[in-house]
Amino acid sequence: MLRIDKLNFAYGDLKVLWDVDLEVHEGEIVTVVGANGAGKSTTLKNISRLVRPGSGTIRFLGQDLGRLQPHQVVEAGLIQVPEGRRIFPEMTVMENLRMGSYVKGTRGDRERNIAWVFELFPRLREREKQLGGTMSGGEQQMLAIARGLMGNPRLLLLDEPSLGLSPLLVKNIFDILTGINRQGVTILLVEQNVYQSLRISHRAYVMETGRVVLTGQGDELLANDHIRKAYLGM
Amino acid sequence: MAVFMQSLISGILIGGVYALIGIGLTLIFGVMRVINFGHGDILMVGMYLTYLLFTYLGIDPFVSVLITFPLMFLFGGFLQKVFINRVLNAAAQNQILLTIGLGLIMSNTVMLIFTSDYKILSTSYSSATIQVGGGVSVSTPLLISFLITAGITAALYWFLLKTDTGQAIRATAQDREAAQLMGINVKRMSILAFGLGSALAGTAGALIAPTYYIFPQVGAVFTLKAFVITVLGGMGSVVGATLGGILIGITESMSAVYISSGWKDVVVFVLFLLVLLFRPSGLMGKSRT
Ligand SMILES: Nc1ncnc2c1ncn2[C@@H]1O[C@H](COP(=O)(O)OP(=O)(O)OP(=O)(O)O)[C@@H](O)[C@H]1O
Ligand SMILES: [Mg+2]
């Protein structure tokens, strides 16, 4: 479904991605784990075309993303829930959700999708009229995910959705992601919460200083010595 | 008391037009983070357009708004697409220079065509007044222009709050990158915002054409006013610009009556400095971190 070949990228003179290869198949949950600054968010920004293209190719459903503008990537069904939530602070919860289905082909499903995300996150229904900027961090994260779902994603990219959330809410979010995946949404997840994310993933990639150093199935990696020492502190 | 009411009402009426000018500038700033120093010159183009439509086609200035608004929208969209979009990532001083330059080109082109002579657009009602009771009378053209202003402002609020495109413009102003992740074409939103801002400035020009002298350099004073209104209201806040415009209108009109018309600009700037001193982010602005 998504295939990245030999992606290299630099911010000015600072090279941050080296020959990154990554693949996501339809129906999977794939996780990218790695320490701070490993280049995970930069990889997602390249996919969504938010940064100038580096070298290498990124193909989604056979289409070369390198030719597209950021909004066209979204129109193709590839939606990113960015790091730090990036809620529109002066818009209400409802308005934020509506922006999630801004793309023409998704507006017809707006009412149905609103009902769906309110079912997934009942808290959002209670806060419908509240301004995004005044929501708590956890609520904003729910809103960010819900907003991403409003656009009928075929592939959903999530950048550290569990950051700063209570353990209970983290578990809740991961359960919801698993549920969404069962409903047919393919997921590419970037996470620092290695244990939880590997547990729900079909496959995972480990990134270190801009390179993919390890890849395998979720449970394989959970049993891997390097992972256990470096990321799980065991 | 009648004098007070009189100047309060005319202040509010002229403030409506100021609000239109300020909203235009703040809309552009909100989406692009570029201050359009050619804003007053766009207003000036709107004035000349109205003058031409009146003189050569006999179209009433208030009716000509129907033509001025869409034409100035296209003009602004064109400026954005061809010039401003290219400097969005450039240093702030380069963006300022570009908008100043565009303004200079507009005023000098108009000067070449029409010379710098003052033109007067006088309609049958240019100096008419209406009694509103209590010894208070208001200028007819000012009243009509206020009603049109109020209509346009209400329509604009509806557009920004209720339509997908209007919400997308606000979203782009609040977080450009997140807006892109919603599938919003932010370049297109910039063109729309600059088009709308220009249409509002041009319309303001049309509305004041019956009561102001028309000359190529008339824009400068309005650029300054628009800037004061925008800062006063909080950069990027449409509600703030609406209030700021009315506030400046009232202040000008009051100080002209109670101090002297020569001092009204001074009073406006004193007010401006006071607001900046006590509320640096403007009336409706949020302190940026
Ligand atoms: N806009 C930028 N300009 C310059 N350097 C940047 C920029 N964004 C990120 N970097 C650098 O690129 C490297 C990779 O950053 P990236 O955000 O992709 O890491 P990450 O794996 O997402 O880290 P984290 O887990 O902390 O979010 C880091 O060294 C970072 O300092
Ligand atoms: Mg990151």
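A few comments on the model shown:
- Cβ-Cβ under 8 Å pairs, at least 6 apart or on other chains, the stretch A:87-106 side within 8 Å of chain B (Cβ to nearest Cβ) and within 14 Å of B:Thr172 (Cβ to Cβ), far side open to solvent by 50 Å² or more (accessible area, probe 1.4 Å) and of a type in the set (Gly, Ala, Ser): none
- Checking A:Gly39 against (1) open to solvent by less than 30 Å² (accessible area, probe 1.4 Å); (2) more than 16 Å from ligand 1 (Cβ to nearest atom); (3) among the small types (Gly, Ala, Ser); (4) on the phi > 0 side of the Ramachandran plot, the condition it does not meet: (2)
- The residue that is modelled with the highest pLDDT, among those in the stretch B:117-140 that are of a type in the set (Ser, Thr, Tyr) and open to solvent by 60 Å² or more (accessible area, probe 1.4 Å), is B:Tyr118.
- Looking only at residues of the stretch A:172-195 that are open to solvent by 40 Å² or more (accessible area, probe 1.4 Å) and not in a loop (DSSP other than H, G, I, E, B), we find that the one that is farthest from A:Pro161 (Cα to Cα) is A:Arg182.
- Every residue from the stretch B:165-179 that is over 23 Å from the mean Cα position of the chain (by Cα), surrounded by 17 or more Cβ atoms within 10 Å (Cβ to Cβ), facing another protein chain (nearest Cβ under 7 Å) and part of a helix (DSSP H, G or I): B:Ala178
- One residue from B:Ile100, B:Ile148, B:Ile96 being β-branched (Val, Ile, Thr) and crowded, with 17+ Cβ neighbours inside 10 Å: B:Ile148
- Residues that are within 16 Å of ligand 1 (Cβ to nearest atom), touching a Lys or Arg at 6+ places or on another chain (Cβ under 8 Å) and open to solvent by 20 Å² or more (accessible area, probe 1.4 Å), drawn from the stretch A:71-113: none
- Any hit, the stretch B:226-236, residues being open to solvent by less than 40 Å² (accessible area, probe 1.4 Å), modelled with pLDDT under 95 and within 27 Å of B:Phe54 (Cα to Cα): yes
- Against the numbered list (1) closer than 30 Å to A:Lys15 by Cβ; (2) free of Cβ contacts under 8 Å to residues at least 40 places away in the same chain; (3) surrounded by 14 or more Cβ atoms within 10 Å (Cβ to Cβ), A:Gly233 comes up short only at (3).
- Options A:Leu158, A:Leu124, A:Leu169, A:Leu120; residue that is within 14 Å of chain B (Cβ to nearest Cβ) and either touching a Leu at 6+ places or on another chain (Cβ under 9 Å) or buried (at least 16 other Cβ atoms within 10 Å of the Cβ) (or both): A:Leu158
The values are calculated or read from the model by the stated rules, or taken from the named source; none is laboratory data. This one's a predicted model, so the numbers in the text were calculated from it and none came from an experiment. Here Cβ is always computed from backbone atoms with ideal geometry, including for glycine, and neighbour counts include all displayed protein chains. Surface areas here come from the heavy atoms of the whole protein model, side chains and all, with no ligands, DNA or RNA. Shrake-Rupley method; radii C 1.70, N 1.55, O 1.52, S 1.80 Å.
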